[in-house]
Amino acid sequence: MLDPGHGVRTPAGEPLNVGAVGPHGVQEQQVALSVGTDLAGLLREAGARVVMTRSFAQPYRIANDRRSDNRARAALANRLGATAFLALHCDSSLDRRNAGISVFWLRSNSEALARAIRARLRPLGLGEAAFHRRELAVTEEAHVPAVLVELGFVSQPQQEALLASPAFQHREAHALFDAILDVFGRS
């Protein structure tokens, strides 16, 4: 199950959780959706059944409460018996020098996937901002292997430019695909 972060609106259509926006207008919700869509395509080509929490056809989820929405998506992964739950985000900071990829997990069944993601994203050269267990709504609620990945900082100008690039988004998707295969096998 792939969860491209943000892109949430209220039932009345008002933005509820749009995510970060970089100094040149790059939107976290769009980067996460693009990387998630690329990753879903790679997984489907390899024979996987993929569930996405939002897509280009349905770019917005409807919710009344951000925290409940986060928990509901992880709970859906549990109900579906997903092999893994991967939440995709981009980081942001008021300090534009902050940069790098962050990988968060909570349960021990998620650590192998977190380590594989870290290893596969490292060669992309963004650096590492964080790598540790973390209680987040999605990592706490999910009982299937669950990892939240911050794909880079949209607030850091060089990383924002990379994150806006479809070619770089595809490189990130391919790294995530390889990490999933590293953990769950190539069949």
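What does the charge count near Q169 come to, summing +1 for each Lys or Arg and -1 for each Asp or Glu among other residues with Cβ under 14 Å from its Cβ? Kindly include the intermediate steps, with their values, before the conclusion.
On the way: positive: R171; negative: E28, D38, E160, E172.
In short, -3.
Expressed in nm², what is the orientationally averaged projection area of the convex hull enclosing the Cα positions of the chain?
Numbers: hull surface 39.4 nm².
With every direction weighted equally, the projected area is 9.9 nm².
Share of segment 98-187's accessible area from carbon and sulfur, percent, 1.4 Å?
51 percent
Please compute the contact order of the chain in relative form: average sequence separation of alpha-carbon pairs under 8 Å and at least six residues apart, divided by the residue count, as a percent.
28 percent
Nothing charged except the Cβ atoms of Lys and Arg (+1) and of Asp and Glu (-1): what's the magnitude of the dipole of the chain about its Cα centre? Round to the nearest 20 debye.
I would put it at about 300 debye.
If you average 1/r over all unlike Cα pairs in segment 61-109 and invert the result, what Kirkwood radius do you get in angstrom? Numbers along the way, then the final one.
Working: mean 1/r = 0.0742 Å⁻¹.
One decimal place: 13.5 Å for the Kirkwood radius.
Of S93, G22, H132, which is farthest on the positive side of the dipole of the chain, counting Cα position, with +1 on Lys and Arg Cβ, -1 on Asp and Glu Cβ, and the Cα centre as origin?
H132
Just the number, please: carbon plus sulfur as a percent of the accessible area of segment 27-88, 1.4 Å probe, no ligands or DNA/RNA counted. Intermediate results must be reported in sequence, preceding the final value.
Numbers: 1470 of 3070 Å².
Ligands and nucleic acids excluded, carbon and sulfur reach 48 percent.
Keeping every protein chain in place, order L86, L80 by accessible area at 1.4 Å, biggest value first, i.e. largest first.
Working: L86 5, L80 80 Å².
Ranking L86, L80 by accessible area, largest first, yields L80, L86.
Starting from the exponent 0.38 and prefactor 2.2 Å, build the expected Rg for segment 99-142 from its residue count and divide its actual Cα Rg by it.
Working: Rg = 10.7 Å, N = 44, 2.2 N^0.38 = 9.3 Å.
Working it through for segment 99-142, the quotient is 1.16.
Count the net charge of all other residues whose Cβ sits under 12 Å from the Cβ of E128, scoring Lys and Arg as +1 and Asp and Glu as -1.
Here the charged neighbours net out to 0.
Under 37 °C and 0.692 mPa s, how fast does segment 48-140 diffuse according to Stokes-Einstein, given a Kirkwood radius computed over C-alpha pairs? Answer in µm²/s, whole number.
Estimated via Stokes-Einstein, D reaches 218 µm²/s.
With the contact rule set at Cα under 8 Å and sequence spacing of 6 or more, what percent relative contact order holds for segment 1-75?
The normalised contact order for segment 1-75 reaches 40 percent.
Quick check for you: with a 1.4 Å probe and neighbouring chains kept, what is the accessible area per residue of the chain, in Å²? Mind dumping the intermediate values first?
Details: 8730 Å² over 187 residues.
Each residue of the chain exposes 47 Å² on average to a 1.4 Å probe.
The values are calculated or read from the model by the stated rules, or taken from the named source; none is laboratory data. Predicted, not measured: the structure shown is a model, and the values here were computed from it. We place every Cβ from the backbone using ideal geometry, glycine too, and count neighbours over all the protein chains shown. Only protein heavy atoms, including side chains, enter the accessible area calculation; ligands, DNA and RNA are left aside. Shrake-Rupley method; radii C 1.70, N 1.55, O 1.52, S 1.80 Å.
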